[in-house]
Amino acid sequence: MRKFTVAFILAMSALSGNANADALGLYIGGGSWDHDPSGSFGTVDEDVIDMEADLKYSGEKDSYVYAAFEHFVPLVPNVRIERATMGHTGIATTPFDFNGVPVSGASSINIDNTDAILYWRLLDNWVNFDLGFTARKLDADFTVGGETVAVSETIPMLYLAAQFDLPLTGLSVGGDINVVSYDDNTYQDIRIRALYEMGVIGFEVGLKTTSIELKDVDNINADLEFKGMMVGAFLHF
């Protein structure tokens, strides 16, 4: 961790002249994410419940919205706020031990993320590269039968993003990642997407994968993955 911190400070110093966008910019956007679930969850020391085999979870569509502000002040971070939801419903036909009692019947999982991202633009030409940190507010509910276990945590994450512009076309391709790993817990979002801008209006299409591994977090063990296509639009002022 110390070596990473020193390297990060040196990078900030060396690239301070290019650390932010070359002009003021405001982005407001949102879209839909069509995701399929895989993996399992359960309460600590009780049954492991498979989302597909045991609960019949299948593909769902959920939404995301975001706003970002970029500027040209050296060393002062740009800001991006993003909110995304995920939800699946199914039914447990076989009884499971969950939250200390045997349960069956209707099941659901709902995961809400709110991200506050502070980032620096280390490259800003036809190749853009961003480095920063995310504070993610995670609120999740796991329900089987009449039992619900809630997880509520604020999680620090590393943020990396890159974008490659195709000159004179309005087209670009890129991706970003939010990731953290500690004490057998891992949370990772990866997005790869293509964008097209025409004036102040833009469109994006891509693939997003969210992976979550929880070990005894608010009495929940989980190994989850949600993956699918995303489509959205944005305004760039």
Read through the list (1) surrounded by 20 or more Cβ atoms within 10 Å (Cβ to Cβ); (2) aromatic (Phe, Trp, Tyr); (3) part of a strand (DSSP E or B), then give the number of the only condition that Phe69 fails.
-> (1)
Identity of the residue in region 37-50, touching a Phe, Trp or Tyr at 6+ places or on another chain (Cβ under 7 Å) and not aromatic (Phe, Trp, Tyr), that ends up surrounded by the fewest Cβ atoms within 10 Å (Cβ to Cβ) = Glu46
Qualifying strands (runs of 3 or more DSSP E) (wholly inside region 176-237; at least 2 residues being acidic (Asp, Glu) and closer than 14 Å to Gly30 by Cα) = none
Out of region 204-220, which residues are hydrophobic (A, V, I, L, M, F, W, C) and surrounded by fewer than 17 Cβ atoms within 10 Å (Cβ to Cβ)?
-> Val205, Leu207
Since Thr169 meets every condition but one in (1) of a type outside the set (A, V, I, L, M, F, W, C); (2) surrounded by 15 or more Cβ atoms within 10 Å (Cβ to Cβ); (3) not in a strand (DSSP E or B), which condition does it not meet?
-> (2)
Do you know which residues across region 116-137 are touching a Ser or Thr at 6+ places or on another chain (Cβ under 8 Å) and buried (at least 19 other Cβ atoms within 10 Å of the Cβ)?
-> Ile117, Arg136
Based on what the data block shows, is Ser107 within 21 Å of Asp36 (Cα to Cα), of a type in the set (S, T, N, Q), in contact (Cβ under 8 Å) with a residue 24 or more places away in the chain and crowded, with 19+ Cβ neighbours inside 10 Å?
-> yes
Is it fair to say Val151 is among the aliphatic types (A, V, I, L, M) and out of contact with any Leu (no Cβ under 7 Å at 6 or more places or on another chain)?
-> no
Would you check if Asp115 is in contact with a helix residue (DSSP H, G or I) (Cβ under 7 Å, 6 or more places away or on another chain) and touching a residue at least 60 places away in the same chain (Cβ under 8 Å)?
-> no
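Laboratory data are not the source of any read-out in this text; all were calculated from the coordinates shown. Not measured: the values here are computed from a predicted model. For neighbour counting, all protein chains shown are included, and Cβ atoms are generated from backbone atoms with ideal geometry for every residue, glycine included.
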